[in-house]
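Notes for the one structure printed next.
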Amino acid sequence: MIRRRSAVGFSLLCALVLCAFAASSANALRGTTAYVCKAEAAPTELTNGFEDEHCIKAVSGAGVKRVHEEIKAGVKTELAVTNNETEKKVVNSKFKATVGGMEVLLEAKNFVSCAATNVENKENGAKQMEAAGEFCGEFTGVEVTKPLKCEVKAKAIALNEKAQAKTVVKEPKANEHEMYVEFTPPAGKPFTTITLEGAECPLKGMKAEVTGSAKAMVTTEEGCSIREGPTLKFLTGITGMTLKVGALPAMFEGTFTARKAPEKEKEGDPVVLTTTNS
């Protein structure tokens, strides 16, 4: 986990898709709340908000173009998650594992979540607010870069439905906290099962079940001086990433942005996370 004095790397569901702010009290039991970064049509000189679509650049007054709108607690909000970051830059997703004693490398050009992907603000067992929900989706444009002459059917890998995502906030010591989004597969199932194909593929017919858990991070800092908006990043080397194929560790890298599901074919607003005092 990446740590700063009052901010920490945030390892989603993106998924879910997100900006994290540190709370003002160093001793409070912090929680997390999901907000929509929505357009502000009539800002006044007293309006505080942001000048960009992803609620990254804080401003006040007439320059405000976007503001935070809290997602009502207990209400599941459908999300649309894709493999991009701010400014709509698309980032290929990468997966590495050992299958049948051989190294397997996959790279996917696209990701789109399914309609069952959602987020909900609720109180957890520790009396913290958390943003949690279910996710699923499909990677497409998948290429097997290693071993050669292997492929996956239709160049696509689908995630099992009802996988879980939730925000986690931990405070190892005063003036420091850790926040991340943790992803786990559906009960009794893997995240996905990858089957390698190809007439000359040395692993033809081999199936790789991906289990364990994954963490997504986003940069955040006290006072919101550093943040990456509704962007979830899965990076190699994140502490606590426990993805596996069989008994061996696997690695996943990817960048994702979550938005509210589109309405009437109009792209939804980004969804961001904010740490709070409860």
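Observations on the model:
- Pick from the range 24-74, criterion within 20 Å of residue 127 (Cβ to Cβ), outside any strand (DSSP E or B) and of a type outside the set (S, T, N, Q), ranking: modelled with the lowest pLDDT: 26
- Exactly one residue out of 140, 184, 192 is of a type in the set (Val, Ile, Thr), crowded, with 19+ Cβ neighbours inside 10 Å and touching a Phe, Trp or Tyr at 6+ places or on another chain (Cβ under 9 Å): that is 192.
- Scope the range 257-278; condition of a type in the set (D, E, K, R), in a strand (DSSP E or B) and surrounded by 13 or more Cβ atoms within 10 Å (Cβ to Cβ); matching residues: 259, 260
- Filter pass, residue 215 being within 16 Å of the chain's Cα centre (by Cα), of a type outside the set (Asp, Glu) and either modelled with pLDDT under 80 or crowded, with 17+ Cβ neighbours inside 10 Å (or both): yes
- Some residue of the range 117-137 being at pLDDT 95 or above, surrounded by fewer than 20 Cβ atoms within 10 Å (Cβ to Cβ), in contact with a Cys (Cβ under 9 Å, 6 or more places away or on another chain) and not polar (S, T, N, Q): yes
- The C-beta contact set for the range 135-163 (first residue on the phi < 0 side of the Ramachandran plot and of a type in the set (Lys, Arg), second residue modelled with pLDDT of 95 or more and surrounded by fewer than 22 Cβ atoms within 10 Å (Cβ to Cβ), distance under 7 angstrom, 6+ apart or interchain) comprises 146/103; 146/105; 153/195; 153/197.
- Residues of the range 251-264 satisfying the condition of being among the charged types (D, E, K, R) and within 18 Å of residue 118 (Cα to Cα): 259, 260, 263
- The condition (being surrounded by 13 or more Cβ atoms within 10 Å (Cβ to Cβ), among the acidic types (Asp, Glu), assigned to a strand (DSSP E or B) and within 15 Å of the chain's Cα centre (by Cα)) is satisfied by just one residue among 107, 78: 78.
- Flag if residue 141 is modelled with pLDDT of 95 or more, more than 20 Å from residue 243 (Cα to Cα) and of a type in the set (Gly, Ala, Ser): yes
- Lone qualifier among 229, 254, 237, 268 - being modelled with pLDDT under 85 and either in contact with a helix residue (DSSP H, G or I) (Cβ under 9 Å, 6 or more places away or on another chain) or under 21 Å from residue 133 (Cα atoms) (or both): 229
The values are calculated or read from the model by the stated rules, or taken from the named source; none is laboratory data. Because the structure is a prediction, the values reported are computed rather than measured. So basically every Cβ, Gly included, is an ideal-geometry build from the backbone, and we count neighbours across all protein chains shown.
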